[in-house]
Amino acid sequence: MLVTFTTDAYADITMFGDVGFAMLKMMGHSATVPGAILAADVPAALAQLKAALASDTTAPPVTDVDADEPVVSMANRGLPLVNLLEAAAMAKADVMWK
């Protein structure tokens, strides 16, 4: 499953389901898809996400130990969503995901 975050102020961001659900929980929301954050609530969600990403030192689970791909931290995976939320906060725009 994929989770796509959208707002009128930024390009759409698509994440794999497990990462998208983790980001939603870090923002203080349930992993319910579809969903939305009203413009007035975006700054609080952004602050929660930044705090959670800053305190999260665990690496995402590796499903294939033989893969040659490097492990990507949740902070790096969350950066596009942080940028989307910052743009939405500045433009006072709602954020939706599906």
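The values are calculated or read from the model by the stated rules, or taken from the named source; none is laboratory data. Computed from a prediction, not measured in an experiment: that's the story for all the values here. Positions of Cβ are backbone-derived with ideal geometry, glycine not excepted, and every protein chain shown enters the neighbour counts. The protein model used for the area step is the full one, side chains on, heavy atoms only, and it has no ligands, DNA or RNA in it. Shrake-Rupley method; radii C 1.70, N 1.55, O 1.52, S 1.80 Å.
Over all directions, the average projected area of the alpha-carbon convex hull for the chain comes to how many nm²?
Values: hull surface 24.4 nm².
With the hull built on Cα positions only, its mean projection is 6.1 nm².
For the chain, what relative contact order do you get, as a whole percent, if you take Cα pairs closer than 8 Å and at least 6 residues apart? Can you show the working numbers first?
Working: 137 pairs, mean separation 42.8, N = 98.
Dividing the mean separation by the residue count of the chain yields 44 percent.
First select every other residue whose beta carbon is under 14 angstrom from the beta carbon of LEU2; then total the charges, Lys and Arg +1, Asp and Glu -1. Kindly include the intermediate steps, with their values, before the conclusion.
Values: positive: ARG77, LYS98; negative: ASP12, ASP18.
With Lys, Arg at +1 and Asp, Glu at -1, the neighbours total 0.
Give me the lysines in straight-line cross-link reach of LYS50: C-alpha distance below 19 Å, same-chain residues under 8 apart excluded.
Straight-distance partners of LYS50: LYS25, LYS92.
Out of the total accessible area of the chain (probe 1.4 Å, heavy atoms of protein only), what percent is carbon and sulfur? The partial results should precede the final answer.
On the way: 3390 of 5840 Å².
Ligands and nucleic acids excluded, carbon and sulfur reach 58 percent.
When the Cα centres of region 81-98 and region 24-55 are compared, how far apart do they sit, in Å?
10 Å
For the chain, find the longest principal axis of its Cα atoms and tell me its angle to the long axis of helix 42-55, 0 to 90°, nearest 10.
Roughly 20 degrees, rounded to the nearest 10.
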